[in-house]
Amino acid sequence: MARKQGSHSDITGPKVLDAALRLIAQHGYAAVSMRQIAAEVGVQAGALYNYTPDKQSLLFDLMRHHMSELLDGLVAADLTGDALTRLKGFTRFHIRFHLPRSDQVFVSYMELRNLSPDNFTAIEAMRRQYEDALEDILRAGEAEGVFAVPDTRVATMALIAMLTGLSHWYREGGRLAMPVVEQIYWDLVRKSVAV
């Protein structure tokens, strides 16, 4: 975000992103105006342009931040071992990363259509890095003779969609505790690729 000298960009800038995230997740990108975001933050609409050039840049910043955190988190998870161990680690990482970020997940997956072509290309490249990490695990499992999938790319997309879907319906304090749900999902993932 752009910063003007003497501004409170370190305070207001994150508030702008948080407000944009909440409003876009709740109402959708097309329905949210810069004026609404400004009102949520408590600044004049014109003041938003001290922190972002436009609404498109806000959307891109939200998605890029989410994907950067996701990719950094995956690296930090340090998935090592045989393919089955790595797949279990990937499954647990994906669930634990995404569940507390339901607004980010919604915006990152549902608002791709609203990115400009250049911004879409940048976000899609980051998404592809994440997908490739899972596909590499599936290929390794096939080479080890422990996975059997007809098409690793399709399986990758299906598994990510299934795992990401959890953040849309799971609510803490519900019928099943998170560790139980995580185990159920791991069983589903494991069985879907098993020989």
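Can you tell me which residue in region 163-195 is most open to solvent (accessible area, probe 1.4 Å), limited to those that are among the acidic types (Asp, Glu) and part of a helix (DSSP H, G or I)?
ASP187
Take region 144-153 and flag every residue that is among the hydrophobic types (A, V, I, L, M, F, W, C) and in contact (Cβ under 8 Å) with a residue 60 or more places away in the chain.
Once the filter is applied, which keeps residues that are among the hydrophobic types (A, V, I, L, M, F, W, C) and in contact (Cβ under 8 Å) with a residue 60 or more places away in the chain, region 144-153 yields VAL146, PHE147.
Being more than 21 Å from GLY165 (Cβ to Cβ) and of a type outside the set (S, T, N, Q): is that true of ASP118 here?
In short, yes.
Answer yes if at least one residue in region 146-161 is open to solvent by less than 60 Å² (accessible area, probe 1.4 Å), part of a helix (DSSP H, G or I) and within 15 Å of LEU99 (Cα to Cα), and no otherwise.
yes
Within the bounds of region 71-85, is there any residue that is of a type in the set (A, V, I, L, M, F, W, C), within 9 Å of the chain's Cα centre (by Cα) and buried (at least 16 other Cβ atoms within 10 Å of the Cβ)?
No, every residue in region 71-85 fails to be of a type in the set (A, V, I, L, M, F, W, C), within 9 Å of the chain's Cα centre (by Cα) and buried (at least 16 other Cβ atoms within 10 Å of the Cβ).
Specify the residue that is nearest to the chain's Cα centre (by Cα); the eligible residues are those in region 1-41 that are modelled with pLDDT of 90 or more and in a loop (DSSP other than H, G, I, E, B).
Checking each candidate, the answer is GLY28.
Inside region 86-117, can you point out the residues that are assigned to a helix (DSSP H, G or I), within 30 Å of LYS55 (Cβ to Cβ), over 12 Å from the mean Cα position of the chain (by Cα) and not charged (D, E, K, R)?
Answer for region 86-117, where residues must be assigned to a helix (DSSP H, G or I), within 30 Å of LYS55 (Cβ to Cβ), over 12 Å from the mean Cα position of the chain (by Cα) and not charged (D, E, K, R): ASN114, PRO117.
Quickly run through region 108-144 and pick out the residues that are at pLDDT below 95 and open to solvent by less than 20 Å² (accessible area, probe 1.4 Å).
SER108 - this is the single residue of region 108-144 that is at pLDDT below 95 and open to solvent by less than 20 Å² (accessible area, probe 1.4 Å).
Give the residue that is nearest to HIS168 (Cα to Cα), with candidates limited to residues of region 27-41 that are without any contact (Cβ under 8 Å) to a residue 12 or more places away in the chain and open to solvent by 70 Å² or more (accessible area, probe 1.4 Å).
This residue is HIS27.
The values are calculated or read from the model by the stated rules, or taken from the named source; none is laboratory data. Please read these numbers as outputs of a predicted model, since none were measured by experiment. Please note: Cβ atoms are built from the backbone with ideal geometry, for glycine as well, and neighbour counts cover all protein chains shown. What goes into the accessible areas is simple: the full protein's heavy atoms, side chains included, and nothing from ligands, DNA or RNA. Shrake-Rupley method; radii C 1.70, N 1.55, O 1.52, S 1.80 Å.
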